[in-house]
Amino acid sequence: MSSTATDWRSEPAPAWERPEIGNHPIEGYRYTSREFFQREFDHVFAKTWLLLGRQAELPNPGDWQREEVGPESILMVRQDDGSIKAFYNVCQHRGNRLVFDEKGHVKRFVCQYHSWAYLTDGTLNFAQDQEDFPQGNPCDNVRLKDVKCETFAGFIWINMDPDAGSLRDYLGPIWDDWNQYPIADWKRYLALTVRVPCNWKVIQDNFNESYHLRSVHPEAAVQIEEGYKETQFDMCAEGHGRMIMHAGYPARSLEGEKMRAPLMAMMKEWELDPEDFRGRERDIRVALQQQKRTLGPQRGYEYFDNLRDEQLTDFYHYNIFPNFSVSVTADGFHFLRSRPHPTDPEQCIFDNWYYGAVPEGETRPVGTPAGLVARDAPVKHEVLDYGDRSIGRGMDQDMSITTGQQLGFRSRGFEGVYLSGQEARVRRYHELIDEYIQGVRPHGRLNARSVSPIK
């Protein structure tokens, strides 16, 4: 590495452009109204890029994966040329769903109702009694309805708007940020999907701020600086957010207290002796960065050379509009997606998944948000109802708040949010929703918005 590159890696990430934010009211009806819920789906979910599938789930031509988004069911299918196409999961004859399993392999999708059969590229290949259709042979006139589809970072992204711009333009600075990591090669080690009794936005609101950490996640201070004055809050013109939280040392709120187990374990993993840092705990973060920089490539983390020093220890937390959040660390990707319920604004589907790096030769178990997992263990996708069992300490804590918050939004005593500066991304998030409903797109607009709140 040249000295220029070394200097670049030692610098913090430049702040993103920051759009001006108004005093947009956020009232309870936004989380309970069926009318508002429908507007969101028609103008937000049907008009934005959504992270849906995973390329690794479709290794061979004919492999398919199904994902639900509100009332829609989307098929993603590996093609003979290696590309991936997406379709609405609905037969064009009488509207029957084609598949109900999560994933599979086919030569043709055959509708169970009247045996219409579609090839994996969406072409209708067979229909019974083709000569009996006054409009003409269905095979000449009908095919599965395509959904715009692109891939990035190993994920499959779809957009139900056929006129949508490119995914790269939509993601803005996130595209370059994520290209520093080999995320496409990382393996899923946790796959818990939970039906939660709250609106999908309640979960994303929570992930758009860190103000709740001291109250809801007090244990995080053992190795994360939760204070807002030392946290970088970013927003970009495309509508997404980024929050960079220093980690690898105790928060200032714990100054004078003994070093605790999670941080000590991390230090030992990277060959640092906790005893050497007694009384100077704030030096641990830089020492960890130096150790990871030195030892990482030897342990199979060659891509560490592409990362800033702070990326080796800190949490880069992203909010991708409208419904996806993720905490990216040097070797992990905590996938946090909330999807709207098909019909009920006061319920949602929450995906708590975790992808980890796969360094060659590494045999130690992977630390996920729900505990340790053996590196070679098969990971089953589990679908649960909220409260069935723990989904990991941190997520249990978050869900306990979001479900109670949903109850409060029903109250006539709640007159709207009263936000701090560090919660500005929550207000911007709701401005974006109303912009999309009113037909305004955020890309390239950095000035104050002219839209009105939707009632």
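Of all residues in the range 186-234, those satisfying the criterion of being touching a Gly at 6+ places or on another chain (Cβ under 7 Å) and over 30 Å from F41 (Cβ atoms) are W186, K187, Y189, H217, Q223. Restricting attention to the range 7-16, the residues being exposed (fewer than 14 other Cβ atoms within 10 Å of the Cβ) and either part of a loop (DSSP other than H, G, I, E, B) or not assigned by TED's automatic domain parsing to the domain that holds Q232 (or both) number 4.
Take residues that are among the charged types (D, E, K, R) and either touching a helix residue (DSSP H, G or I) at 6+ places or on another chain (Cβ under 6 Å) or more than 30 Å from I401 (Cβ to Cβ) (or both) and tell me which of the strands (runs of 3 or more DSSP E) falling wholly in the range 103-216 contain 2 or more.
Details: elements: 103-105, 108-110, 117-119, 124-126, 146-152, 155-159, 187-196.
Correct list: 146-152.
Yes or no, residue by residue, for (1) touching a helix residue (DSSP H, G or I) at 6+ places or on another chain (Cβ under 7 Å); (2) assigned to a helix (DSSP H, G or I); (3) not hydrophobic (A, V, I, L, M, F, W, C):
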site	(1), (2), (3)
A237	no, no, no
M243	no, no, no
E271	yes, no, yes
G279	no, no, yes
I284	yes, yes, no
Q289	yes, yes, yes
K292	yes, yes, yes
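Residue count for the range 405-435 satisfying the condition of being assigned to a helix (DSSP H, G or I) and loosely packed, with under 13 Cβ neighbours inside 10 Å: 3. Residues of the range 217-235 that are part of a helix (DSSP H, G or I) and of a type in the set (S, T, Y): Y228 alone.
Restricting attention to the range 45-68, the residues that are surrounded by 20 or more Cβ atoms within 10 Å (Cβ to Cβ), among the hydrophobic types (A, V, I, L, M, F, W, C) and within 18 Å of H341 (Cβ to Cβ) total 3. Quick check: is even one residue across the range 198-205 more than 16 Å from the chain's Cα centre (by Cα) and of a type outside the set (S, T, Y)? Within the range 198-205 (the criterion being more than 16 Å from the chain's Cα centre (by Cα) and of a type outside the set (S, T, Y)), the answer is yes, since at least one residue qualifies.
The single residue among G421, G392 that is at pLDDT below 95, closer than 27 Å to G241 by Cβ and not β-branched (V, I, T) turns out to be G421. In contact with a Leu (Cβ under 8 Å, 6 or more places away or on another chain) and without any contact (Cβ under 8 Å) to a residue 24 or more places away in the chain: which single residue out of C91, C139 fits that description? Just one listed residue meets the conditions, C139. Of all the residues in the range 262-279, those that are within 15 Å of A247 (Cα to Cα), over 29 Å from the mean Cα position of the chain (by Cα) and loosely packed, with under 15 Cβ neighbours inside 10 Å number 0.
The values are calculated or read from the model by the stated rules, or taken from the named source; none is laboratory data. Predicted, not measured: the structure shown is a model, and the values here were computed from it. Here Cβ is always computed from backbone atoms with ideal geometry, including for glycine, and neighbour counts include all displayed protein chains.
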